[in-house]
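Heads up, the thing below is written out as structure tokens.
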Amino acid sequence: MKLIYPLRKTGLAVKLYRCFLEKERLSALRKLGSLAVLIFIVFSCKEPGEVSGLKQIISFALPKVKTVSVSIDETSGVISVVVPYGTILTDLNPEVSISPEASIVPLASVAQDFTKQVYYTVTASDGSRKVYTISVTSQKQGAALITGFSRDTVRAGETLLVSGKDFGSFGAGIQVVFKNASGTEISIPSKLLDSTRLGLVIPAATNPDSYFIKVIKNKIETVSAKTLLVKIPPPDITSVKFKNILQGDSIHITGNFIVPARYDYRLELRTDQLRFPLDPAKKENGKLSFLTDAKLPAGSYSLYLLNVREQITSIPAVENIRIYDNQLPFIKGIADAKTAYKPGETVRLYADKFEKLTTRFYQVELSGNGVKYNQNGIYSQADKRLSIVLPADMKASRYTVKVIFLTDSAGEVYNLDLDDTLTITE
């Protein structure tokens, strides 16, 4: 009592005595750590009516966001938060822990836009204040990662799927480039399917070669570790010079992806039951000529062009060709052809071997613009010409020409189509 009594005369003794009475509560709090015990001692042992000057943000978090780091600088009052690239920072409610008995404005329950700096004011129970600045920054955008292709070899004109990571979420920010060993680069149309997949459409005109794939995401480049082999697409027959020929004549075709210096080609004439292969007699890029056999059966054929080395075949040419018996009548074209004709004019056709058929009646069928005219033809054996007079009421248009050989009773014996057309003007 002699020791305690003098102390009871002082404020310190009173505080220690009260704290002694809270011994059981302190032992429980020790489990929470020394900081919690210290805060408890200071605030639980103060005199009634005593106020605190503590006004700290003890912890700060963005619970709906994956954060890389959070640091609190008490000296400057700046809380720095780093988040991954692309994190959405608008309309977020933070979790904020502050000093006991202090208050904060705005409340943590108020959503904030952390794309810009946000300020919080912490007010202690004694009325003093401290302002904290919350600064949230995103990490720099990382380069995309290419992990593989859906195929290692494709043909120009086909599609390809590129897989990887971090392709982003905006297709406009992605550019794909093919780069070969010599450094030549080709821009490739692409579609962003998601952050891990890119769909590519390889232009048909892409030169056959091995290419590295470069993905450029907002000016940050990444290049595939392996190459993609692009092969030539199937040949494409775009036109046939003569669609009506005699046995033994040549077939002249023009098309895309025809490179005789690099590949061998073969033309196939097909019917429903037969196939007749022809090797080219004349070759140049984009053009090939094939000589038919004089004994090739007369008839209508579809045309297919085969790239022999690549073993790929074109789709059939848009129009079939017709091969005529070289011992029967044939029209070789329009004599003294003009660019355009007027109704009522005479048109003369080169006629060959008309004597091979006993019929002497010839009808010329003119078809165009949804109308058809049939005119009688007059054959002159002296100059081997078949002449017709165009109808006086013939409408202006472009017309195909067919010659029909008729019996005395108007039955059809034979017919010939012309490659030449007639353009009629009024």
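The values are calculated or read from the model by the stated rules, or taken from the named source; none is laboratory data. Please read all numbers here as calculations on a predicted model, not as lab measurements. A quick note on method: Cβ atoms are made from the backbone with ideal geometry, for glycine too, and the neighbour counts reach across all protein chains shown. For the accessible areas, the whole protein counts, side chains as well, though only heavy atoms, and no ligand, DNA or RNA atoms are used. Shrake-Rupley method; radii C 1.70, N 1.55, O 1.52, S 1.80 Å.
Looking only at the stretch 68-79, decide whether some residue is more than 18 Å from residue 127 (Cα to Cα), of a type in the set (A, V, I, L, M), touching a Pro at 6+ places or on another chain (Cβ under 7 Å) and modelled with pLDDT under 95. Yes, the stretch 68-79 contains a residue that is more than 18 Å from residue 127 (Cα to Cα), of a type in the set (A, V, I, L, M), touching a Pro at 6+ places or on another chain (Cβ under 7 Å) and modelled with pLDDT under 95.
Evaluate the following for residue 195: is it at pLDDT 95 or above and surrounded by 13 or more Cβ atoms within 10 Å (Cβ to Cβ)? Against the criterion (at pLDDT 95 or above and surrounded by 13 or more Cβ atoms within 10 Å (Cβ to Cβ)), residue 195 does not qualify. Of the residues making up the stretch 153-164, none is open to solvent by less than 70 Å² (accessible area, probe 1.4 Å), over 18 Å from the mean Cα position of the chain (by Cα) and of a type outside the set (Asp, Glu). Residues satisfying the criterion are present in the stretch 352-368 (criterion: open to solvent by less than 40 Å² (accessible area, probe 1.4 Å), in contact with a Pro (Cβ under 7 Å, 6 or more places away or on another chain) and outside any strand (DSSP E or B)).
Residues of the stretch 150-181 that are in contact with a Pro (Cβ under 7 Å, 6 or more places away or on another chain) and aliphatic (A, V, I, L, M): 156 alone. The criterion of at least 1 residues that are within 25 Å of the chain's Cα centre (by Cα) is met, among strands (runs of 3 or more DSSP E) falling completely within the stretch 213-255, by 220-231, 236-240.
Tell me, yes or no, whether the stretch 393-412 has at least one residue that is open to solvent by 40 Å² or more (accessible area, probe 1.4 Å) and without any contact (Cβ under 8 Å) to a residue 24 or more places away in the chain.
Applying the first criterion (open to solvent by 40 Å² or more (accessible area, probe 1.4 Å)) to the stretch 393-412 yields 393, 395-396, 398, 400, 402, 407-410, 412.
From what is left, the residues that are without any contact (Cβ under 8 Å) to a residue 24 or more places away in the chain are 409, 412.
Within the stretch 393-412, one or more residues are open to solvent by 40 Å² or more (accessible area, probe 1.4 Å) and without any contact (Cβ under 8 Å) to a residue 24 or more places away in the chain.
Got a sec? Which of 293, 264, 236 is of a type in the set (Asp, Glu), in contact (Cβ under 8 Å) with a residue 24 or more places away in the chain, closer than 23 Å to residue 154 by Cα and touching a Gly at 6+ places or on another chain (Cβ under 8 Å)? Just one listed residue meets the conditions, 236.
Just one of (1) out of contact with any Pro (no Cβ under 9 Å at 6 or more places or on another chain); (2) over 30 Å from residue 218 (Cβ atoms); (3) modelled with pLDDT under 95; (4) open to solvent by less than 50 Å² (accessible area, probe 1.4 Å) fails for residue 83. It is (2). Each residue in the stretch 262-282 was checked for being surrounded by 15 or more Cβ atoms within 10 Å (Cβ to Cβ) and either out of contact with any Leu (no Cβ under 7 Å at 6 or more places or on another chain) or of a type in the set (Lys, Arg) (or both), and 3 of them qualify.
Looking across the stretch 297-326, just one residue is in contact (Cβ under 8 Å) with a residue 40 or more places away in the chain, among the small types (Gly, Ala, Ser) and open to solvent by 20 Å² or more (accessible area, probe 1.4 Å), and that is 298.
Quick one: would you say residue 340 is more than 19 Å from residue 417 (Cβ to Cβ) and either surrounded by fewer than 16 Cβ atoms within 10 Å (Cβ to Cβ) or at pLDDT 95 or above (or both)?
Details: more than 19 Å from residue 417 (Cβ to Cβ): yes; either surrounded by fewer than 16 Cβ atoms within 10 Å (Cβ to Cβ) or at pLDDT 95 or above (or both): yes.
When the stated conditions are applied, residue 340 passes them.
For the stretch 327-337: of the residues being closer than 30 Å to residue 296 by Cα and in contact (Cβ under 8 Å) with a residue 24 or more places away in the chain, which is surrounded by the fewest Cβ atoms within 10 Å (Cβ to Cβ)? Looking at the filtered set, the residue picked out is 327. Quick check on residue 421: is it part of a loop (DSSP other than H, G, I, E, B) and either buried (at least 19 other Cβ atoms within 10 Å of the Cβ) or of a type in the set (Val, Ile, Thr) (or both)? The answer is no for residue 421. Applying the criterion of at least 1 residues that are free of Cβ contacts under 8 Å to residues at least 40 places away in the same chain to the strands (runs of 3 or more DSSP E) found wholly in the stretch 87-167 leaves 95-98, 103-105, 118-123, 145-149, 159-165. Confirm whether residue 403 is more than 55 Å from the chain's Cα centre (by Cα) and under 23 Å from residue 320 (Cα atoms). Taking the combined requirement at face value, the residue does not satisfy it.
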